[in-house]
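Okay, so here's the structure we're looking at.
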Amino acid sequence: MLAALNIDSLYALLPLKDRALLERTLFIIPLLPFCGFLLNGLFGSRMDKKVSGWIGVLAALSSFVWAFFSVMALQVPSTVTSPDTRNVLHQVYGTWLSNSDLNFTFGLYLDQLSSVMILVVTGIGTLIHMYSLGYMSHDPGFSRFFAYLNLFLFAMILLVLGDNLIMVFVGWEGVGLCSYLLIGFWYEDGKNAAAGMKAFIVNRIGDLGFLLGIFLLFSLFGTVDFASRPIHQGAVRVTKKTEMTESPKDAARKDYVNVPKHAGLLDYAEALRLLAENHVDTREEKTRVGYKAPEAASNLDLSKTTSKTSWAGWYMVDAITLACLLLFVGAMGKSAQIPLYVWLPDAMAGPTPVSALIHAATMVTSGIYMICRLHPLFAMSEEAMTAIAIIGGTTALFSALIGLTQLDIKKVLAYSTVSQLGYMFLGLGVGAFSLGIFHVLTHAFFKALLFLGAGSVIHAMSGEQDMRLMGGLRKKLPVTYTTMLIGALALAGFPLLSGWWSKDAILMNVFARYHESHNSVFLALYVMGVVGAFCTAFYSFRLIGLTFFGETRASDEVKSHIHESPLSMTLPLIVLAMLSLFGGWAWHGQFTAGAEGSLGIRNFFFSEDEHAEHINLIVTSLAAFGGIGLAVAMYFKGQRIPDPDKAKTNFVYRLSLNKFYVDEAYNAVIVMPFVIGSEIVHWLIETLLIDTFVVGSGWLVSALSGLLRKIQTGLLNWYAGGILIGSLLVLFYLLQ
C-alpha cells in the first residue's frame, strides 16, 4: 500500500526502525486500544468528558502510529533475506491449547495484505474517534461510547492480525459484540435495542457457518494456522522442483513439492496448487482427502489428520469447496449479503460515528478480508467462486434499487454500503481478489466521509434525518457540502476519483471474464453491475440535491440553529475528502498488475485486455453520467420532493420504498412460525410439564404438611399418648 511512496526516504526519517523489535512488539497495536477501553470503561464516569474523549482518541492514534512503523519495516525490500522466505512480521506469544493433535497458539501475523487492513482500521478509526469528540459531546454516555469504540478497535485488530483462524474468530465475535453494543447504544428507545438484537441474531447464523468451515478445514489439514511458524530466517515458502527423465520409450515427469515444518493452511493450499499445475483433472486419486505424497517426491502429508476417516471417499477439491462455502456463509452475515443483509440498514439506529466506522469502513469488510486471506483455498473451488460472484452481483443491484427511494439520509447510505459490499464480492468471485480489497480501501475513504458528512448534517438539523425536511444547506454548511459532494462523486464512479479506480476495474474484469469464457453467467453479472452503477450515481446525487439544494424545508426553530460543525468534526471530513480524491490514483498500481508483489495476492483471474477495458469505460461512464444527470435534473433544479403517497399507485416505487417487503417476508416465514413454535413448546414443556411437576410437588408437600400439622396440638397428654402408642408398636414389632 505504501509502495507508491518513496519508501527508502520515508523509512530513513522514522524514529523506530528495528524490525526485530517491531516484530516482537506487534502486540502493542491491539494492546493500546484495549487499555483505552479499560480506562474509559472502569473510570470514565469519574473523568471529565474531555479527558475521557482524548484517552480514546490517543489510544487509537498511538495504535495507528505503531502499526505504521510496523508496516514501514515490512515494506523495505532489504529485509527479505531469501527468495524462499516470506516477508512477514510473525510473532507467537503463547499457546492456548496443545496436545498430540491440537496446537492453538496466540500469535500475530503482519504481511502485505494485513498491512492494508491494519492501516485502514487504525487510520480511519482515529479520524472517527476525533469526529466523535464533537458529535457526542452532549451525550450523557460519552465515556461509555469511547470505551465501546476502543473495544471495537481492539477486536478488529485481532481479526486482522490473528495468525490463525481461532484468533480471527475471537476478533470476529468481538466486533459482533461491539456492533451490538453500539447499535443499541441509546437502548432507552426500544427500537434501538431491537435493532441491536436483530444484528446480533442474524450474525449468529452466519457465524455458525464460519465456525463449521473452520472445523472442516481443521479436519482436512490438521491446522488452523495461516502459515508456518516464524523462524530466524523468516517463514519458509512452499517450493517445487521438476525433473524430466527420458528413456528410449517415454519421458517421465517428477514434481517435488516441499512444505515447511508446522505448515499452515496457505502452505498446504500452495502445495496442492503446485501439484495440480500439470494435471487437467483435479479430481484424481492423488488429490483425495487424506492424500500422502511419496516420500521421494514430497513431504506433503495429509494422512495424519482426521480427514482420512471423516471424509473417506471425498476428493480434496470437493471438501475444500464445502469448507469455502461454509466460510462464505460467515462472510455473508458479517458483510451483509443476501439473504443475511437485513441487519445492516437497521444498524443505523446507532450513533452516526458508529455507522461510519463499523458499518461502512471496517467491520462489514471482514468477510472480504477473510476470503482474501484464504484466497488460495477459494481459488481451488470454481463452484465456491461462482457462488460468491452471483451473491455479490445480486446484492449489488438489489440494494441499489432499494436505495433509490429511501427518505432517511442514513438509510440511503446503509443500502449503498450493502450494494458496494456486493461489488467487492463480485470482484472476489471472478477471481480478481486484489480488486476486492482495493474497493475495500477506496470505499472506506468515501463511505466514511459520506456517513460523517451525514452526521454533520444531522448535527446541524437538531437530529433530523428525513431528507424531505432538509434542503438549501450548501451555503450554511460549506465544508460539509463540499466534502460530501466529493464523496458522492467518488461513490458514483466519477472518473479519476477513488471509487472509479476500484469499482470500474471490478466491472471490467467481470466483462473480460465473460469475453474469455463466453459464460452467460458473467454477462448477466456484468449487466447487473452496470445497472447497479447507474442506480448508485442516481441515489448519490439525489441525496446531495435533497439535502443541499432548493429551499430549506425545516421548521423555523430548526432553521435558527443550523450551523457548520466544529473543527473536530470538519477536519476528519477534509482528510477523508482528500483520500477520496487522490487515494485511488495513488495506490491503484499496487492492487492491479503489481498485486502479487505488493499484496502477496495471486489473482485467479485478472485481465489487461485493452478492448474489454475500452468497452467497459464507455459503458460505465454512460451509467455514471446518466445517473448523475438524471438526479440533477430531478432534485437540483426541479426539486421534486419524494412523496410516499405515490407508493399507493406506483407498484415499482412501492416495492423499492418498502424494501421489497423482505423484512415482512422474513417475519411471516421465519420469525412468526418460530415465535408460535416457541410459545407451543413453552406451554408443553414449561407450563404443562415443568410447572405441573414443580407446582404439583409443592401442592403435595403442602397437603402432607397440613395433615402432619394436625398432630401438633401443644397438649402434653396428646404427646404422652402418642409416645405410648409408638412404644407399643415398636415393642410389638420386636416381639414378632
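The values are calculated or read from the model by the stated rules, or taken from the named source; none is laboratory data. Computed from a predicted structure; not experimentally measured. Every residue, glycine as well, gets a Cβ built from its backbone with ideal geometry; the counts of neighbours run over all protein chains shown.
Listing for the model above:
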{"item": "Helices (runs of 4 or more DSSP H) contained entirely in segment 320-383, each with at least 1 residues that are surrounded by 24 or more Cβ atoms within 10 Å (Cβ to Cβ) and among the β-branched types (Val, Ile, Thr)", "result": "352-356, 366-373"}
{"item": "Every residue from segment 601-636 that is farther than 23 Å from HIS515 by Cα and touching a residue at least 60 places away in the same chain (Cβ under 8 Å)", "result": "ILE601, PHE625, GLY626, GLY627, ILE628, LEU630, ALA631, VAL632, MET634, TYR635, PHE636"}
{"item": "Residue within segment 636-646 that is outside the structural domain of ALA488 (by TED's automatic domain parsing), charged (D, E, K, R) and either assigned to a helix (DSSP H, G or I) or farther than 30 Å from GLY471 by Cα (or both) present", "result": "no"}
{"item": "Unique match (being surrounded by 18 or more Cβ atoms within 10 Å (Cβ to Cβ) and out of contact with any Phe, Trp or Tyr (no Cβ under 7 Å at 6 or more places or on another chain)) among LEU212, LEU165, LEU181, LEU177", "result": "LEU165"}
{"item": "Which numbered condition ILE670 fails, given (1) exposed (fewer than 10 other Cβ atoms within 10 Å of the Cβ); (2) assigned to a helix (DSSP H, G or I); (3) among the aliphatic types (A, V, I, L, M)", "result": "(1)"}
{"item": "Single residue of segment 491-512 satisfying the filter (over 24 Å from the mean Cα position of the chain (by Cα) and in a helix (DSSP H, G or I)) that is surrounded by the most Cβ atoms within 10 Å (Cβ to Cβ)", "result": "PHE511"}
{"item": "Segment 655-669 residues that are over 11 Å from VAL342 (Cα atoms), paired with ones that are of a type outside the set (S, T, N, Q) and surrounded by 15 or more Cβ atoms within 10 Å (Cβ to Cβ) (beta carbon under 7 Å, 6 or more apart)", "result": "SER656/LEU401; SER656/ILE402; SER656/LEU404; LEU657/ALA647; PHE660/ILE402"}
{"item": "In segment 513-553, the residues that are farther than 22 Å from ASP466 by Cα and not in a helix (DSSP H, G or I)", "result": "HIS518, ASN519"}
{"item": "Qualifying residues in segment 594-608 (those that are over 22 Å from the mean Cα position of the chain (by Cα), surrounded by 17 or more Cβ atoms within 10 Å (Cβ to Cβ) and of a type in the set (Gly, Ala, Ser)) - the one modelled with the lowest pLDDT", "result": "SER598"}
{"item": "Index of the failed condition, THR713 passing every other in (1) surrounded by 10 or more Cβ atoms within 10 Å (Cβ to Cβ); (2) part of a helix (DSSP H, G or I)", "result": "(2)"}
{"item": "Sole residue being of a type in the set (Ser, Thr, Tyr) and farther than 24 Å from GLU382 by Cα, chosen from TYR514, TYR481", "result": "TYR481"}
{"item": "Where GLU610 falls short, out of the listed (1) touching a helix residue (DSSP H, G or I) at 6+ places or on another chain (Cβ under 9 Å); (2) of a type in the set (Asp, Glu); (3) under 18 Å from SER502 (Cα atoms)", "result": "(1)"}
